[in-house]
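Heads up: the structure comes next, in structure tokens.
The values are calculated or read from the model by the stated rules, or taken from the named source; none is laboratory data. None of these values were measured; they are calculated from a predicted model. Backbone-built Cβ (ideal geometry, glycine too); neighbour counts: all protein chains shown.
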Amino acid sequence: MRQGRGGAVILPTLFFFGLIAGRAQSGDLAQKSEQARQLMAAGKFEAAIPIYKELVKALPQETGLLLDLAMAQHMAGHEAESIPNFEAVLKVQPSAVPALISLGAARVALGQPQQAIAPLEKAVAADPANRDARGMLAGACMETGRFEQAAEHYRKLTSTTPDDARLWYGLGMSYQSIATSALDRLQQSDSQSPYLAALVAGTRVQRRQYRSAFFFYRETLKQLPNLHGIHAALADVYRKTGHVDWAEEEEAKERALPPADCRAHAAECQFLAGKDLDAAKLPRTAKPSPEALFWQAKAANELAFQAFFRLGQLPASVELHRLRAEIARYQNQPLESVKEWRAALAIRPNDPQLEQELAAALFMAGDYRAALDQATATLQAARPTAELNFVAGDSLVRLEEPEKGMPYLRAALAADPKLLAADASLGLALSRLGKTSEAIPHLEKALALDDDGSLHYQLARAYQATGSQEKARTAMAAYQEILKKNQELKEEVAREAQIEPPK
Amino acid sequence: MKPPAYFVACAAVTLALLAAGIVGNAAAPASAIRFREIAAQAGISFVLENHPTPEKHLIETIPGGVAVLDYDGDGRPDIYFANGADIPSLEKSSPKYWNRLYRNEGNWKFRDVTEEAGVAGAGYSMGVAAADYDNDGRPDLFVAGVNRNTLYHNLGNGRFEDVTAKAGIRSGEWAVAAGWFDYDRDGNLDLWVVHYAKWSPSFDRYCGDATRGVRIYCHPKYFEGLASTLYRNRGDGTFEDVTARAGLARYVGRGMSLGFADYDQDGYPDVFVTNDNMPNFLFHNKGDGTFEEVALAAGTSLRDDGKPISSMGTEFKDYDNDGLPDIVVTALAGETFPVFRNRGKGSFVDATYASRMGPASVKHSGWGLGLFDFNNDGWKDLFTANSHVNDRVEAFEAATYREANAVFANEGGTFRDVSAEAGLAAVKAHRGAAFADFDGDGRIDAVVSALGEPAELWQNVSPEAGHWIVLRLQGVKDNRDGIGARIRIGSQVNEMTTTVGYASSADSGVHFGLGKLTTIPKIEIRWPGGAVQTLTGVAADQVLTVKQGK
């Protein structure tokens, strides 16, 4: 059994064993066919491949044998080799569901979810009850930003399999992605919109940044005094910050609001009526209004919450712990996140993806020794990734062992040359080891990450050390400019940070 | 052991022809450093009462300065602890909040003389700075505090007088640390007061996680910093605030501590000020009564990664025996205890990694520190008083709140953590630390304060410590304490200062470890005014008082 990326289970179960036996072929081929069948049944996919290749060569017209070969290649992890064979099968048998599913699975495994969608959609169309196909399709849709389609597939899956935690997690994440997407679109279309301010306030509440949330809710009310839910949200902020009396005042204001005009504000009415599925759908216009995007985000958030609530009612699962870990990370509680990833791993030991998440969480928690241990253990046991190498390398740099960190950082960059954080870390490591000239190109490459001026500072020192005084002055001036801008921003934020009584 | 009798060094040529350069030059393996904790049996029962509140007022976690001074002139170093107060009144509403003076009665016995000396203090005290500001031969005391500073004049009869107002010392801001130095070289000690930030008891930001009911001390970023204050000593018992005139008023930081040294060897003492989560300051003394802030150009404002850290205490001394004062800073776990090595010509390099202090300190959070030669091998070791700032840190980060102190042996310019074998096992919320040879055996001991728990007195019992000398300077033209004088023995250089570590003070002369050297071929003293005095053929293992020009 293998796990698809979207959490669905892939079960390629059909082998075309009997094809040869039923034909008048040589006894040798029949024997080989049987041998291959037995190897496949025993899970020895690698060993079956050369036999199937021989059989296909001998009987090139036998689509069944070609499918068996593709299956063996796919099951042995040779995805790229399996794909042309699956495609060849599908040319002859366009509706062969096992070939469609396996082709989709191979594309997913290769990190090509976009190309996986077409065969999986065909598989689902041909066999709507096939949970594996639909699950993989939902996952591929998620990965390609087709969140609404993903949600639709997950919703269908949860209706037939309500006790599968993976599906509720997928459903919740797809709705959450819809909400996030709506917020992003709103920001792009009107960054000063009071609707955007209300959504931003909601995210601040989730992060427990109540002062900031208060500011943004107040900003919303300046322009939309009758928007339903804002006074109630302010009341929530007041309660969370210990101002119960002020909370009651805001709640009274919420109750006193006139009912929404459902002809002009249909989405609002749908949301207030609890018709979240309807409210989460955007009107089919080229450019949705800020109001429409706002209510879509609100409704999708609500639907995500409902899905996650259902997930929480199921027995403990990897997905539940994953969700909790992600929430903790979002709320800047890295130790909680570590705890949850550890719990997930207790359920599914040795899962490399979970181990990588744990390593990253330990790193975020500043427990660099533990992050290093986890990352190196996973690197030894599983396929190396740029992220794991970065965690190991940067942890070592932070533990003041730059010479040991460098090989990992170089490996991270070899795997992902665009991982600028690895360049930044490698630059620092080289500087610490006195290899300033080598450090400079890495620091220069990483400058795009420099939001606090630290990389410009490092670069200025490096230029200084190598005699490039003019460049050093320029870099130091840039460092000071970033500090100045950050200070201005900080002062602006400070002005937002007062919780005052209701107006 | 009482110090030897007054000794005026003669300039006679000695035949003890040990090469002057051997002291501190060779990177021999460090001999063992050992301490044992004896506060209770020595009669020290001081508890740093910081008055922790559910509101988590930031001042609660910052205090704890300690001073060592020989207030009664008997040659034995005494101890003074700064203490907290009630919050929000900021009054010492109970004797438990008194600052405490312990008289060293010899043989590791101390007696609480706070009341009779009149130094119980007022307000929420933070740091202490001891020095003889009026050149009368008796160390005086400045106590920095939250909105209330106090200057005590030592009357010489075992009592002190509060002369704060008379001397023109202001209060009203949150002062954490202070130090005495003679910035204008007029022979009178001036006072530098380091301020943290604007704060009042009405500050009520909730930091932490309200839904879990976990309230923590707010991050420093929520507090608007303050400039230091420089008081010029007029020499008549009064001071004038010359902060603006000296060009210091515009340098706003969240100051924690300070150190003095003439880093560029131009004859004028410079000032390094640590800032909490802000770049540090290095004030270059221009010699005309003004300072210029040069930390960024000099390379001491930030670590090599360019990120501000929680700089706490500092020592401004030469750790690698190249004759130039370097800078060591304590900070929080994950930030290391940075080492800035002085390369000469006004330039420093981050040597935290190169000195091996980085890997040795990265897991520690430190406050007080002292760069002293604890095993007398000719290389200054580092003692740090450790604890995180946030008592709830374990709920949020992979860090520890209460920690044992640490000692890092200097092995020829690189450091090694030898805390475990040194016996520093007591786990507390340590804060200030001061250092002195309390029993006159030539080995530097330590006294450490801890929030809400008894202070510690660490007797240095290092078994194979080398020879040593302590120089007690007596300025005549220069300030009487000789503060700012630079003393060279072989490749070792120390400057006379009472300012040490975090918000603390230590007035017990200038200590040198000598290794196997029993006679010192040459001691060179450059007094603050520039006069050079040379002593030759000086016997080791003594406290040597040196009078200027004699």
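Quick look at the numbers
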| item | result |
| --- | --- |
| Count of the stretch B:194-210 residues which are hydroxyl-bearing (Ser, Thr, Tyr) and surrounded by 15 or more Cβ atoms within 10 Å (Cβ to Cβ) | 2 |
| Residue tally, condition of a type in the set (A, V, I, L, M), within 24 Å of the chain's Cα centre (by Cα) and not in a loop (DSSP other than H, G, I, E, B), over the stretch B:188-245 | 6 |
| Total residues in the stretch A:453-467, condition surrounded by 17 or more Cβ atoms within 10 Å (Cβ to Cβ) and either small (Gly, Ala, Ser) or more than 18 Å from A:Ala424 (Cβ to Cβ) (or both) | 6 |
| Residues of the stretch B:276-317 that turn out to be part of a loop (DSSP other than H, G, I, E, B), in contact with a Phe, Trp or Tyr (Cβ under 9 Å, 6 or more places away or on another chain), more than 10 Å from chain A (Cβ to nearest Cβ) and buried (at least 22 other Cβ atoms within 10 Å of the Cβ), as a count | 4 |
| B:Ala436 being of a type in the set (A, V, I, L, M, F, W, C) and at pLDDT below 95 | no |
| Of all residues in the stretch A:222-270 being without any contact (Cβ under 8 Å) to a residue 24 or more places away in the chain and part of a loop (DSSP other than H, G, I, E, B), the one that is farthest from A:Glu500 (Cα to Cα) | A:Arg263 |
| Answer from B:Asp417, B:Asp437, B:Asp445 - the residue that is within 14 Å of B:Arg36 (Cβ to Cβ) and of a type outside the set (Val, Ile, Thr) | B:Asp445 |
| Flag if A:Ala138 is part of a helix (DSSP H, G or I), farther than 24 Å from A:Ala325 by Cα, modelled with pLDDT of 95 or more and of a type outside the set (Lys, Arg) | no |
| Enumeration of residues in the stretch B:220-231 that are over 14 Å from B:Asn275 (Cβ atoms) and either in contact with a helix residue (DSSP H, G or I) (Cβ under 7 Å, 6 or more places away or on another chain) or more than 11 Å from chain A (Cβ to nearest Cβ) (or both) | B:Thr229, B:Leu230, B:Tyr231 |
| Residue count, the stretch A:337-350 (criterion: surrounded by fewer than 20 Cβ atoms within 10 Å (Cβ to Cβ) and either small (Gly, Ala, Ser) or within 14 Å of chain B (Cβ to nearest Cβ) (or both)) | 4 |
| Matching residues in the stretch B:379-430 - criterion: being over 12 Å from B:Val448 (Cα atoms), among the aromatic types (Phe, Trp, Tyr) and surrounded by 23 or more Cβ atoms within 10 Å (Cβ to Cβ) | B:Trp379, B:Phe408, B:Phe415 |
| Counted residues, the stretch A:397-418 - those being surrounded by fewer than 19 Cβ atoms within 10 Å (Cβ to Cβ) and not small (Gly, Ala, Ser) | 7 |
| Any hit, the stretch A:92-109, residues being buried (at least 17 other Cβ atoms within 10 Å of the Cβ) and in contact with a Lys or Arg (Cβ under 6 Å, 6 or more places away or on another chain) | yes |
| Residues of the stretch A:447-500 satisfying the condition of being facing chain B (nearest Cβ under 9 Å), under 31 Å from the mean Cα position of the chain (by Cα) and under 30 Å from A:Tyr238 (Cα atoms) | A:Lys490 |
| Qualifying residues in the stretch B:186-211 (those that are in contact (Cβ under 8 Å) with a residue 12 or more places away in the chain and of a type in the set (A, V, I, L, M)) - the one nearest to the other protein chains (Cβ to nearest Cβ) | B:Ala197 |
| Residues being touching a helix residue (DSSP H, G or I) at 6+ places or on another chain (Cβ under 9 Å), closer than 30 Å to B:Ser311 by Cβ and part of a strand (DSSP E or B) - total across the stretch B:156-177 | 1 |
| Lone unmet requirement of (1) touching a Gly at 6+ places or on another chain (Cβ under 9 Å); (2) of a type outside the set (Phe, Trp, Tyr); (3) not in a strand (DSSP E or B) for B:Ala360 | (1) |
| Selected residue (only one of B:Thr414, B:Thr352 is farther than 19 Å from B:Ile62 by Cα, in contact (Cβ under 8 Å) with a residue 40 or more places away in the chain and out of contact with any strand residue (DSSP E or B) (no Cβ under 9 Å at 6 or more places or on another chain)) | B:Thr414 |
| Selected residue (criterion: farthest from the chain's Cα centre (by Cα)) from residues of the stretch A:80-98 that are part of a helix (DSSP H, G or I) and over 17 Å from A:Ile49 (Cβ atoms) | A:Val92 |
| Leading residue by the ranking (farthest from the other protein chains (Cβ to nearest Cβ)) among those in the stretch A:364-380 that are assigned to a helix (DSSP H, G or I), small (Gly, Ala, Ser) and within 23 Å of the chain's Cα centre (by Cα) | A:Ala375 |
| Some residue of the stretch B:355-363 being surrounded by fewer than 24 Cβ atoms within 10 Å (Cβ to Cβ), of a type in the set (Gly, Ala, Ser) and in contact with an Asp or Glu (Cβ under 6 Å, 6 or more places away or on another chain) | yes |
| Residues of the stretch A:351-379 satisfying the condition of being surrounded by fewer than 21 Cβ atoms within 10 Å (Cβ to Cβ) and touching a helix residue (DSSP H, G or I) at 6+ places or on another chain (Cβ under 7 Å) | A:Asp351, A:Pro352, A:Gln356, A:Met364, A:Ala370, A:Thr376 |
| Matching residues in the stretch A:58-79 - criterion: being over 20 Å from A:Gln93 (Cβ atoms) and either among the basic types (Lys, Arg) or not in a helix (DSSP H, G or I) (or both) | A:Ala76, A:Gly77, A:His78 |
| Residue that is farthest from the other protein chains (Cβ to nearest Cβ) [pool: residues in the stretch B:318-357 that are part of a strand (DSSP E or B) and over 20 Å from the mean Cα position of the chain (by Cα)] | B:Gly344 |
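Residue-by-condition table, conditions (1) crowded, with 22+ Cβ neighbours inside 10 Å; (2) within 14 Å of chain B (Cβ to nearest Cβ); (3) more than 30 Å from B:Ala210 (Cα to Cα):
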{"site": "A:Glu121", "(1), (2), (3)": "no, no, yes"}
{"site": "A:Asp127", "(1), (2), (3)": "no, no, yes"}
{"site": "A:Glu148", "(1), (2), (3)": "no, no, yes"}
{"site": "A:Arg155", "(1), (2), (3)": "no, no, yes"}
{"site": "A:Gly172", "(1), (2), (3)": "yes, no, no"}
{"site": "A:Leu186", "(1), (2), (3)": "yes, no, yes"}
{"site": "A:Leu196", "(1), (2), (3)": "yes, no, no"}
{"site": "A:Gln206", "(1), (2), (3)": "no, yes, no"}
